[in-house]
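All of the numbers you see were taken from the coordinates with simple rules; none came from a lab. Since the structure is predicted, the reported quantities are computational estimates derived from the model, not experimental observations. With ideal geometry, Cβ positions are generated from the backbone for all residues, glycine too; neighbour counts draw on all protein chains shown.
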Amino acid sequence: MRAAKTLISNLSEEAGEPVVLPAHLLPVALQELLDTPRTAAQQEFIDTLPIAIALVGLVDKKPAILARNRAFLELSNRRPRFAEADVSHELCPGIALPLLPELESFLPGDERERSFDMQEGDGISGRHFAVRLSRLNNGESAPPRCILSLIDRTQQVEGERSLRSQMLRDSLTGLPNRAAFAEQVEQAMANHEKEGRNFAVLLVDLTRFSRVNEGVGSLAGDELIITVARRLISALRGGDMLARLAGDEFAVLLNVADNSDEALRAARRMQACLSTPIRLGELEIKIDCAIGVAMMSAAIDDVEDLIRNAQFAMKRAKISGHAEVYQPCDSTTARERFGLETELRRAIERDQLQLAFQPLIELASGQVIGFEALARWEHPEKGMISPAEFIPVAEESGLIIPLGRWALRSATRTLAEWDRKSGSPTPLHVAVNVSAVQFQRDDVVSAVKAALTESGISGNRLKIELTESCIVSDPDGIAKVLHAINDLDVKIAMDDFGTGYSSLAYLQRLPIDVLKIDRSFIAPMLEDRDSVAIVRAVLGLASALGMTTTAEGVETQALVETLVGLGCDVAQGYYFARPLPADEAYAYFRARNA
């Protein structure tokens, strides 16, 4: 008795308040108390324990309560919120926990301890308990006994449930987040396997959201996301699930029939619901979306694989402009692109790429005045790989930066080599394309300076070509870079003019020297009056702004004559020459300008 009192008293004094004994100490502390006849003082002492404790033993081979403390009695006197419970599983009235089966298996056995959780009542109003059974030492003939302790964990469980609910919700829209969506997809996959229920995952990516967010601010951007979420919900059916995976990316779990038609109809409904501009204050903003669809199939056994399939389809949707369904070749293409990325990185490191040079012909004189440098990659096993294939991979992976710097150095070195062959500076310049990605991520000005310094050529013999999309991505930032390049006496050309989003304001503000008219306007000129009108308008615009013009994709003498008649300055295309290796390009220059 004294040992138990001392143990509990010492623990209480250290804590400064009554404490719950560690479970492994409970049998030690109570063995002496429960094995001896109890006085009123002893019972009062046991009643001071803050957790519900009972001594349970076998009576007529049935578990029965031999003694209990006040906390246990109060627990059992709580009345029957759970009167509908199965009384055959109750150890005593008022405690609707299925304790009897556990005690019936524990007491006759030889386990020293057993711990488990139990719930009293339903999930909304029920209570949760941590239950522990600890066997007491008995004489050889004494019936088995144990200490039953019940710790009320309801508040903890409800707190965990609330925290989990918060963790599975997007704080801005209140929609399920990525973790919750993955759980639901996993459950749907289980239902698909057991019951054959088919479903699809749709990924919805908002176009232009980052630009809108930058233009109107993050608070207005949040309001835009909330409005989009509401509209998308309105386009779905009961039972479909909408989640927000990331900033401007949503996902839908859709119950469908055996084919993708129903999923595509849902995608069209979602695109239609976003067709009306969204009002943010005094602004009306049009938001489009790209939607990728992935159907569940027996070949898929992982949630992330299904979501990844939808991402593959969404990438194609961004290009096509309408919802796309995942095709098995998408993942093959993605793996091939990763393989190509690795090989391209090695090719750049090992200097295995070459430049080809396409001549720029002055239409008034017919002479070569420069060359456009174009990257070429001849793979040792796969042969020639098209720039249309490896340039997008370079841009996506960031390899466009070392590739772009290599192109600048190689082009200027080649021009310097031609000067050495000629014995004096040749009347040529070289044009190098600089990707929008490189403008955004690299210090292009320092790259240009380094290339000029290394080669020793003057700035006016280098021309940087950029596209309209490059300017639109960051007009102010790009303007500073272009003015710094212009200060180096380097010329600047806008490539593929007419196919992007530039405005007259950009042309007036930026130091652009050359407008290159895209081949899509040049090629049909002989049959299409509209194309002639467009080319004439561009030529007039360039003349008014003091710029020169270059026509791309010239392939016939008739086109040359038409362009001369319209007043175009320079032309390039297969009619004159295809892109040539450096030595052949120099020979072409010498022959044509002789």
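What residue among Ile478, Leu466, Ala533 has its Cα farthest toward the positive end of the dipole of segment 464-582, where the charges are +1 on Lys, Arg and -1 on Asp, Glu, each on the Cβ?
Selected residue: Ala533.
Any idea what the relative contact order of segment 168-326 is, in percent, if you count C-alpha pairs under 8 Å spaced at least 6 apart?
Rounded, it is 28 percent for segment 168-326.
To the nearest Å, what is the center-to-center distance of segment 52-69 and segment 177-250, using C-alpha atoms only?
55
Report the label-to-label distance for Lys318 and Arg70 in nanometres (one decimal), using points 7 Å from each Cα along the Cα→Cβ vector.
Going from the Lys318 label point to the Arg70 one covers 6.9 nm.
Give the relative contact order (percent, whole number) for segment 170-251; include only Cα pairs under 8 Å separated by 6+ residues.
Answer for segment 170-251 is 48 percent.
Assuming R0 = 45 Å, what is the FRET efficiency of Asp528 and Asp305, from their Cβ-Cβ distance, to the nearest 0.05?
About 0.40, to the nearest 0.05.
Count neighbours as other Cβ atoms within 10 Å of each site's Cβ, and list the trypsin sites (Lys or Arg not before Pro) in segment 185-290 that are DSSP loop with at most 16 such neighbours.
Here the trypsin sites (Lys or Arg not before Pro) that fit, given the DSSP loop and packing criteria, are Arg197, Arg208, Arg237, Lys286.
Work out Dmax and Rg for segment 289-402 from the C-alpha atoms and quote the Rg first, both in angstrom.
19.5, 67
Reported to two decimal places, what Rg/Rh ratio describes segment 190-322 when computed on Cα atoms with Rh from the Kirkwood expression?
1.00
For segment 171-264, how big is the tail of P(r) above 22 Å, as a whole percent of Cα pairs?
Pairs farther apart than 22 Å: 34 percent.
Against the empirical 2.2 N^0.38 Å scaling, what ratio does the C-alpha Rg of segment 418-503 come to?
Scaled against compact globular proteins, the figure is 1.17.
Ordered by residue, what ³J(HN,Hα) values in Hz, to whole numbers, does segment 99-109 give under the Karplus form 6.51 cos²θ - 1.76 cosθ + 1.60, where θ = phi - 60° and Gly and Pro are x?
Whole-Hz 3J(HN,Hα) from phi for segment 99-109: 7, 4, x, 5, 5, 5, 8, 7, 4, x, x.
With label points built 7 Å along Cα→Cβ from the Cα atoms of His192 and Ala272, find their separation and express it in nm.
Computed distance between label sites His192 and Ala272 equals 2.7 nm.
Want the number for Arg279 to Thr154: 0.36 nm per residue separation, take away the alpha-carbon distance, what's left?
Extra length from Arg279 to Thr154 when fully extended: 40.4 nm.
May I ask you to compute the full-extension gain from Thr342 to Lys62, defined as 0.36 nm times their residue separation minus their alpha-carbon distance, rounded to one decimal in nm?
That pair, Thr342 and Lys62, stretches by 93.6 nm at full extension.
Collect residues whose amide H, placed 1.01 Å from N in the peptide plane, falls under 5 Å from the amide H of Cys289; neighbours closer than 5 in sequence don't count.
Distant-sequence amide H within range of Cys289: Thr207.
Can you run phi through the Karplus equation (6.51, -1.76, 1.60; θ = phi - 60°) for segment 392-406 and list ³J(HN,Hα) in whole Hz, with x for Gly and Pro?
Result, ordered by residue: x, 5, 5, 5, 5, 8, x, 5, 5, 5, x, 5, x, 5, 4 Hz.
Let me check I have the definition right: for segment 353-592, take the eigenvalues of the Cα gyration tensor, multiply each by 5, take square roots. What are those semi-axes in whole Å, largest first?
Equivalent ellipsoid semi-axes, largest first: 25, 23, 19 Å.
Relative to the Cα centre, what is the charge dipole magnitude of segment 547-594, using +1 at the beta carbon of each Lys and Arg, -1 at the beta carbon of each Asp and Glu, and rounding to the nearest 20 debye?
120
Quick one: 3J(HN,Hα) in Hz for segment 411-422, Karplus 6.51/-1.76/1.60 with θ = phi - 60°, rounded, Gly and Pro as x.
Values, residue by residue: 5, 5, 5, 5, 5, 5, 5, 4, 4, 5, 5, 6 Hz.
Would you please give the FRET efficiency between Asp443 and Asn77, computed as 1/(1 + (r/R0)^6) with r the Cβ-Cβ distance and R0 = 56 Å, to the nearest 0.05?
0.10
Can you pull out the chymotrypsin sites (Phe, Trp or Tyr not before Pro) in segment 405-510 whose DSSP state is coil and whose Cβ has at most 11 other Cβ atoms within 10 Å?
Filter output for segment 405-510: Tyr501.
So what are the three principal axis dimensions of segment 394-464 from its Cα atoms, in whole Å, longest to shortest?
That works out to 42, 18, 17 Å along the principal axes.
Taking the Cα-to-Cβ direction at Ala587 and at Ser115 and moving 7 Å from each Cα, how far apart do the two end points lie in nm?
8.6
Over 24 Å between Cα atoms, which of Lys421/Lys516; Lys449/Lys480; Lys286/Lys315; Lys315/Lys382; Lys318/Lys516; Lys286/Lys318 qualify?
Lys421/Lys516; Lys315/Lys382; Lys318/Lys516
What full-extension length gain, to one decimal in nm, is calculated for Ala257 and Leu541 as 0.36 nm per residue of separation minus the Cα-Cα distance?
Net length gain for the segment: 96.7 nm.
Lys/Arg Cβ at +1, Asp/Glu Cβ at -1, dipole of segment 168-326 taken about the Cα centre: which of Asn309, Ala257, Ile225 is farthest positive-ward?
The residue sitting farthest along the positive end of the dipole is Ile225.
Rg to Rh for segment 150-216: what is it, with Cα atoms only and Rh by Kirkwood?
Ratio of gyration radius to Kirkwood radius for segment 150-216: 1.17.
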